[in-house]
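To keep things clear, I will list the structure first and then write my remarks on it.
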Amino acid sequence: MSRARAESSRAAPALVAVDVRLEPPDTADARLCLGEYFRELAERFETGFDPAAAHPLRDEDMTPPTGFFFVARLDGRPVGCGALRRIDEATGEIKRMWTAPAARRLGVARRIIATIEATARGAGLTTLRLDTHRALKEAQALYRKLGFEDVARFNANPYAHHWFRKRL
């Protein structure tokens, strides 16, 4: 294989069939994803992670029409999740973005965000926002690549160090 072709194949994520669907946040697969998300944050954050301190979302906050919860699957297995919470008539907030370590760099998070953006547009939202922790460098890079811009702090989340916005 030529060097250029080898570098190209390393740079592009594998083409995989990611199935992202709206789902109630209390299903077994949704709970599995959320549990893994919370576990990973507790491991990666230098101070640990307490979901109750991070502006917790109730199931109602992730259930239409107030919000939406999505589970991503590869070969039928849950490998990621994300939520959209309506803030007001024009603004939505992306929450609980997570991809299983074994499924990273396969486009799972991009598909979840694309689904969230399409859902937000369909719900009449014109702006999305989100926050993230300084330890989640790969998330920060992805959000910027997808057109989110850094903005001033918009909440008091004790685990947030970066705030982003995207106009749809």
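What follows draws every value from the coordinates through simple rules; no lab data is involved. Just so it is clear, the model here is predicted, and its values are computed rather than measured. Note that each Cβ is placed from the backbone with ideal geometry, even for glycine, and that neighbours are counted across all protein chains shown.
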Those GluC sites (Glu not before Pro) in region 31-81 that DSSP places in a loop and that have at most 15 other beta carbons within 10 Å:
GLU46
Note on region 32-77: alpha-carbon gyration tensor, axes a ≥ b ≥ c; rule is a/c under 1.5 for rounded, else prolate if a/b larger than b/c, else oblate; result oblate
Across every pair of different alpha-carbon atoms, what Kirkwood hydrodynamic radius in Å does the chain reach?
16.5 Å
For GLU149 paired with PHE45, estimate the spin-label separation in nm (one decimal), with each label point 7 Å from Cα along the Cα-to-Cβ line.
2.8 nm
For region 18-34, take each phi angle, set θ = phi - 60°, evaluate the Karplus expression 6.51 cos²θ - 1.76 cosθ + 1.60, and give the result in whole Hz per residue in order, putting x for glycine and proline.
9, 9, 10, 9, 5, 8, x, x, 9, 6, 4, 5, 5, 5, 4, 4, 5
Considering only LEU34, LEU22, LEU136, give the residue with the highest GNM mean-square fluctuation for the chain, with springs between Cα atoms whenever their separation is below 10 Å.
LEU136
Would you mind classifying region 101-142 by shape? Square roots of the alpha carbon gyration tensor eigenvalues, ordered a ≥ b ≥ c; an a/c under 1.5 is rounded, otherwise it is prolate if a/b is larger than b/c and oblate if not.
oblate
Per residue of the chain, what 222 nm ellipticity follows from adding -39500 (n - 2.57) for every DSSP H run with n ≥ 4, rounded to the nearest 500?
-9500 deg cm²/dmol
